Amino acid sequence: MNLFDKSVDISKPFSFIYFSSYFEEVFKKSYSSEYSDTVLLCIGTDRSTGDCLGPLVGHKLKDMKLKNVHIFGSLDEPVHAKNLDKYMDRLKIFDNPFIIAIDACLGKIDRVGFISIKEGPLFPGAGVNKALPSVGNISITGIVNISGFMEVMVLQNTRLSLVMNLANIISGGIRYSLWKNFGSKSISHNATSPIAANLDNYEYNL
């Protein structure tokens, strides 16, 4: 069986629409009513510009109020290498969670600025040679800089503009798609901006 594996170049036109479409496609393929909850696990640290993609996405989504949708990882409470095991234990409170894992990564120079959406787990820390547990039914990674040497230093010297643009597209696409799937069952809609009924009218802030 072929696993879903798509990528989006955020510098190209309509990148938000492509990401939203791909995410919705893999979500519908992977998710079923057997799962008790949907968990967004946004991995990274606010102490490193390149590695703050996950916390930024979590920060942008923390006002999303959908039934049985939970967000772990934000600028205020990041999920990172030192506490990932603790959050993995916290996931055990859910009967059968569907986990969407989000993290930054390093890659080839011609892939910087791409978002990868894959069916299957994410391997956090691999880009900086850290052995951390794999996690996720779906993995979303944003390539923030080049790999191959002095990875920690490279992450520290990544442009915030790029990370913000990646976070805007990822958070906006996830918000739109999950609202389409769970919006009718939501507890309340307290988002700071209205969620449009279709992509033609959907906007996100750069």
Expected output for the range 62-87 (first residue modelled with pLDDT of 90 or more, partner among the aromatic types (Phe, Trp, Tyr) and part of a loop (DSSP other than H, G, I, E, B), Cβ below 9 Å, 6+ apart or cross-chain) is Asn68/Tyr35; Asn68/Phe94; His70/Phe94
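Which one of these is surrounded by fewer than 20 Cβ atoms within 10 Å (Cβ to Cβ), touching a residue at least 12 places away in the same chain (Cβ under 8 Å) and farther than 16 Å from Gly113 by Cα: Tyr22, Tyr31?
After ruling out the rest, the residue left standing is Tyr31.
Select, from Leu61, Leu53, the only residue that is farther than 17 Å from Asn137 by Cα and touching a Gly at 6+ places or on another chain (Cβ under 8 Å). It would help to see each step written out before you state the result.
Numbers: Leu61 fails: touching a Gly at 6+ places or on another chain (Cβ under 8 Å).
Result: Leu53 is the single residue among Leu61, Leu53 that is farther than 17 Å from Asn137 by Cα and touching a Gly at 6+ places or on another chain (Cβ under 8 Å).
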Can you give me the ranges of the strands (runs of 3 or more DSSP E) entirely in the range 39-138 with at least 3 residues that are more than 17 Å from Ile174 (Cβ to Cβ)?
-> 97-107
Only one of these conditions is not met by Phe14: (1) at positive phi; (2) surrounded by 19 or more Cβ atoms within 10 Å (Cβ to Cβ). Which number is it?
-> (2)
Residue by residue through the range 147-169, note down the ones that are more than 21 Å from Cys42 (Cβ to Cβ), in a helix (DSSP H, G or I) and polar (S, T, N, Q).
-> none
Regarding Gly50, is this residue buried (at least 16 other Cβ atoms within 10 Å of the Cβ), under 21 Å from Val135 (Cβ atoms) and modelled with pLDDT under 95?
-> yes
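The values are calculated or read from the model by the stated rules, or taken from the named source; none is laboratory data. The model shown is predicted, which means the values in this text are computed figures rather than measured ones. Counting neighbours? That spans all protein chains shown, and the Cβs are built from the backbone with ideal geometry, glycine included.
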